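Chemist: Here's a structure for you.
Just so it is clear, none of the values below were taken in a lab; they were calculated from the coordinates. A quick note: this is a predicted structure, and the numbers were derived from the prediction, not measured. For neighbour counting, all protein chains shown are included, and Cβ atoms are generated from backbone atoms with ideal geometry for every residue, glycine included.
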Amino acid sequence: MAKDLRSQIYGNFNREETEILVTRWETNNRSEWSDLAFEVLEKILLERLNELPPQNEAIYERGKDTEQDFFDKVKEWFFKNDGESEYHPNLDKLSGAAFYDPQEVLKIYDWLNKIAKVMIPVSILLGLLTFPQTLDIMQSYFINSYQDMTIIIWLLALISISVAIVFQIAITYFPLKALAYTLKMLMQFEHNSRK
């Protein structure tokens with residue numbers, strides 16, 4: 001059984017690039033990789049480099065990455081500093097995701113956040129465009145009233161438009177942000193399930 005496991009680890013590590021293996025060796029994270037994995041890693045590095053690079057002190061406790069740290073790392077992998085998408089040559093090796101493309105998920109996440117922000121001024125503009133109709137409706141309620149009611153009618157129309165704008169923003173902004181956050185959460189769940 002141990003021989004089969006050793007050959008399986010050897011086969012998996014042997015497919016990876018030397019730089020990735022060297023980084024894994026130098027990091028010396030014993031909470032992520034078993035002692036057997038490090039023995040196999042040592043053998044492969046000796047075959048490829050004829051010498052072993054120095055190792056850091058062994059890490060035996062898994063550090064707790066926050067959700068934001070994970071997404072900062074993922075964005076670092078796939079996006080330039082200006083936020084534009086960039087193809088990464090080691091996409092499959094870095095992500096490990098089998099059922100989705102992390103780059104596409106991050107694009108959708110960014111687009112949902114941008115659309116949510118754009119919906120605020122759009123909702124305000126649409127609300128202001130309906131102000132004349134709202135004013136006419138308010139005036140129709142007070143058709144038999146005095147002339148001095150115009151200020152009150154205008155205030156009622158402004159208040160009703162403001163309430164409508166707030167509801168419209170809430171109805172569009174929050175569901176879009178929730179959807180973006182849900183995508184982010186699902187990506188985090190999938191990433192954690194591979195550990």
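Chemist: Count charges around residue 39 for me, please; just the other residues with Cβ under 14 Å from its Cβ, Lys/Arg as +1, Asp/Glu as -1.
Modeler: Here the count lands on +2.
Chemist: Sticking with this structure for a sec: Please state the shape class of region 1-63: rounded when a/c is under 1.5, otherwise prolate if a/b exceeds b/c and oblate if not, all from the C-alpha gyration tensor.
Modeler: Verdict is oblate for region 1-63.
Chemist: If you don't mind, there's one more thing I want to ask. Quick one: check the C-alpha center-to-center distance for region 127-173 versus region 30-53, whole angstrom.
Modeler: Computed from Cα coordinates, the inter-centre distance equals 73 Å.
Chemist: While we're here: Classify region 102-193: rounded, prolate or oblate, from the alpha-carbon gyration tensor (a ≥ b ≥ c, eigenvalue square roots; a/c under 1.5 rounded; otherwise prolate if a/b is larger than b/c)?
Modeler: prolate
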